[in-house]
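*Asks:* Would you mind keeping the following structure in view while I ask a few things?
The values are calculated or read from the model by the stated rules, or taken from the named source; none is laboratory data. Because the structure is predicted, anything quoted here is derived from the model rather than measured. Cβ sites come from the backbone with ideal geometry, for glycine too, and all protein chains shown count toward neighbours.
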């Protein structure tokens, strides 16, 4: 049997060669169908990034943290994502294999780090699917007029979230191309709603509401102890709203609105011309959503004073209601439903493809990597659907949402560093896209992501460490002993 990985490294840090990763995509029993184009990937990117964030997060962040400067916070977050997107684009065009950051890490850092990042992505995607499905269910309640929650004794069951995950699981098992078509329809609906919001909102726009653009700093009512940011905890700077510290904190919060563009890279193996299509899909979708986020935040904060958006329940509809346009609530709810549907679908897709890649490498049971007649990993799709449905149906997440942010940022850091390593170790590899100004761009990507991570709460960091420790236990108990890279190298 041929050696699957690099002979220059051994043990926990043995790397899997790029060539072997690509050869593995041709295994008959675990072969994904190549159906997607650059347009499909761009739709996926817009589908997963534009969700409830644009309908709810914008208003709450403006009212409670940043004021009118929330639009600049979106720009700061977009810069961090854009720098990382360049790194993802180079990797995905060089290694067009399912698994995204997991596969990239296997080729650069070695098996242990690859497992860590794969485990991290499992956390990111599973929580994202479950959390966003619950958000979808809340909007469904507004549309149908009653909450889609059944009380089973002392337990609440969210049937709306479970129904959404079940339907999307069926679509994903049927085929990726069909999922892309459904995403395209939902994206068209939510973009139409956003366009309506912008057109109508401008008629209520008053530039005086944008002054002061960066409101004076104020002490925050919450944020002590484990709930304060790690930066505040380490420096003793305290927790404040508004001002420049509020603006920087807002960038870490609205980063959640950008999560998902990296999922485009997980579909590289299912793309017809990944060297060109994947970079276009990643960068194109990020440009589109950044323009939309900044436009909506400027219109929103120009419609009403930012103080009118304070509290935990402010949304885009709040600004319209203050002007007597109560009809906007239902329109925005429909747009949010369409937006969240595609977010859950693409996050669900990303979760299955990461687990698929880990299973194909033997770090998880190989049987999970089997693909059905539709060229999709049906077994993994079903398992992920059941787990996420249980979480969304019965668990109240609370502050667990921040876990999605820290998991994503951690993956971004490793991918950015990985570009530097692969440029040095494999300069001969053909690259469909090359990050400009190396090493400056990857270094700036790492620093910007680390800064955003520092602005997440101490509580989130502690939970992240516990999850990673659990992952190491699973790896040493199963993954290390069953790794195909390890077993083939020993034969």
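*Asks:* For the stretch 24-42, give me each residue that is modelled with pLDDT under 80 and part of a helix (DSSP H, G or I).
*Replies:* Of everything in the stretch 24-42, those that are modelled with pLDDT under 80 and part of a helix (DSSP H, G or I) turn out to be 24, 28, 29, 30.
*Asks:* Right, something else. Just to be sure I understand, how many residues within the stretch 135-190 are farther than 18 Å from residue 385 by Cα, in contact with a helix residue (DSSP H, G or I) (Cβ under 8 Å, 6 or more places away or on another chain) and not in a helix (DSSP H, G or I)?
*Replies:* Count: 6.
*Asks:* Of 362, 385, 284, which residue is touching a residue at least 60 places away in the same chain (Cβ under 8 Å), closer than 25 Å to residue 91 by Cβ and in a helix (DSSP H, G or I)? Write out each step before concluding.
*Replies:* On the way: 362 fails: in a helix (DSSP H, G or I); 385 fails: closer than 25 Å to residue 91 by Cβ.
Of 362, 385, 284, the one residue that is touching a residue at least 60 places away in the same chain (Cβ under 8 Å), closer than 25 Å to residue 91 by Cβ and in a helix (DSSP H, G or I) is 284.
*Asks:* Do the conditions hold for residue 456, that is, is it within 24 Å of the chain's Cα centre (by Cα), over 18 Å from residue 117 (Cα atoms) and free of Cβ contacts under 8 Å to residues at least 24 places away in the same chain? Step through it out loud before you land on a result.
*Replies:* Values: within 24 Å of the chain's Cα centre (by Cα): yes; over 18 Å from residue 117 (Cα atoms): yes; free of Cβ contacts under 8 Å to residues at least 24 places away in the same chain: no.
When the stated conditions are applied, residue 456 does not pass them.
*Asks:* Scan the stretch 150-159 and tell me whether some residue there is buried (at least 23 other Cβ atoms within 10 Å of the Cβ), modelled with pLDDT of 90 or more, over 20 Å from the mean Cα position of the chain (by Cα) and farther than 30 Å from residue 472 by Cα. Write out each step before concluding.
*Replies:* The first filter runs over the stretch 150-159 and keeps only residues buried (at least 23 other Cβ atoms within 10 Å of the Cβ), leaving 158.
Restricting the remaining residues to those that are modelled with pLDDT of 90 or more gives 158.
Next, from what is left, pick out any that are over 20 Å from the mean Cα position of the chain (by Cα): 158.
Imposing the further condition that a residue be farther than 30 Å from residue 472 by Cα reduces the set to 158.
Looking for residues that are buried (at least 23 other Cβ atoms within 10 Å of the Cβ), modelled with pLDDT of 90 or more, over 20 Å from the mean Cα position of the chain (by Cα) and farther than 30 Å from residue 472 by Cα, one finds at least one in the stretch 150-159, hence yes.
*Asks:* Any residue in the stretch 459-477 that is in contact (Cβ under 8 Å) with a residue 12 or more places away in the chain and on the phi > 0 side of the Ramachandran plot sitting within a Cβ distance under 9 Å of a residue that is in a helix (DSSP H, G or I) and surrounded by 15 or more Cβ atoms within 10 Å (Cβ to Cβ)? List the pairs, counting only those 6 or more apart or interchain.
*Replies:* From the stretch 459-477, no pairs qualify.
*Asks:* Then there is this: If residue 462 satisfies every condition in (1) assigned to a helix (DSSP H, G or I); (2) surrounded by fewer than 22 Cβ atoms within 10 Å (Cβ to Cβ); (3) modelled with pLDDT under 90 but one, which is the exception?
*Replies:* Every listed condition holds for residue 462 apart from (3).
*Asks:* Looking at the structure I just gave you, is residue 106 buried (at least 24 other Cβ atoms within 10 Å of the Cβ), part of a helix (DSSP H, G or I) and in contact with a strand residue (DSSP E or B) (Cβ under 9 Å, 6 or more places away or on another chain)? So that I can check it myself, show each step before the final result.
*Replies:* Values: buried (at least 24 other Cβ atoms within 10 Å of the Cβ): yes; part of a helix (DSSP H, G or I): yes; in contact with a strand residue (DSSP E or B) (Cβ under 9 Å, 6 or more places away or on another chain): yes.
Yes: the conditions hold for residue 106.
*Asks:* Oh, and also: Against the condition over 21 Å from residue 245 (Cα atoms), within 18 Å of the chain's Cα centre (by Cα) and in a helix (DSSP H, G or I), how does residue 476 come out, does it pass? Reasoning before the result, please.
*Replies:* Working: over 21 Å from residue 245 (Cα atoms): yes; within 18 Å of the chain's Cα centre (by Cα): no; in a helix (DSSP H, G or I): yes.
No, not satisfied.
*Asks:* So for the stretch 68-84 (the condition being over 18 Å from the mean Cα position of the chain (by Cα), crowded, with 24+ Cβ neighbours inside 10 Å and closer than 19 Å to residue 278 by Cβ), does at least one residue qualify?
*Replies:* Within the stretch 68-84, not a single residue is over 18 Å from the mean Cα position of the chain (by Cα), crowded, with 24+ Cβ neighbours inside 10 Å and closer than 19 Å to residue 278 by Cβ.
*Asks:* Out of all the residues in the stretch 311-330, which are at pLDDT 80 or above, surrounded by fewer than 17 Cβ atoms within 10 Å (Cβ to Cβ) and in a loop (DSSP other than H, G, I, E, B)?
*Replies:* Result: 323, 324, 327.
*Asks:* Yes or no: the stretch 396-410 includes at least one residue that is in a loop (DSSP other than H, G, I, E, B), modelled with pLDDT under 90 and surrounded by 19 or more Cβ atoms within 10 Å (Cβ to Cβ). Reasoning before the result, please.
*Replies:* To start, the set of residues in the stretch 396-410 that are in a loop (DSSP other than H, G, I, E, B) comprises 396-397.
Pick out the ones that are also modelled with pLDDT under 90 and you get 396-397.
Then drop every residue that is not surrounded by 19 or more Cβ atoms within 10 Å (Cβ to Cβ), which leaves none.
The answer is no; no qualifying residue exists.
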